[in-house]
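Written below as structure tokens is the structure these notes are about.
What follows is calculated from the coordinates using simple rules that are stated; it is not laboratory data. Everything numeric here is computed off the predicted structure, so don't read it as measured data. Cβ sites come from the backbone with ideal geometry, for glycine too, and all protein chains shown count toward neighbours.
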């Protein structure tokens, strides 16, 4: 999946948060629905998204997390 085909940011919409293209739904919002236990079918039905758009949100988050560097610090 190429999330770039489905996710974009626009500084004039939701202060530039990444959105599902063609909507005002942020990636953060879609991921929050998933974390609350919403089934993909319910998200698609309630927010008129396509399955690819939901998967792109998850893929986008995965890519961002995989790029993060975490360093252990002795306490």
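Couple of notes before you dig in:
- Against the list (1) surrounded by fewer than 18 Cβ atoms within 10 Å (Cβ to Cβ); (2) touching a strand residue (DSSP E or B) at 6+ places or on another chain (Cβ under 6 Å); (3) in contact (Cβ under 8 Å) with a residue 24 or more places away in the chain, the condition residue 18 fails is (1).
- Each residue in the range 2-39 was checked for being at negative phi and outside any strand (DSSP E or B), and 26 pass.
- For the range 24-47, a residue qualifies if it is surrounded by 11 or more Cβ atoms within 10 Å (Cβ to Cβ) and more than 21 Å from residue 64 (Cα to Cα), and the qualifying residues are 38, 40, 42, 43, 44, 47.
- Subset of the range 40-56 that is under 25 Å from residue 11 (Cβ atoms) and assigned to a helix (DSSP H, G or I) - its residue that is farthest from the chain's Cα centre (by Cα): 47
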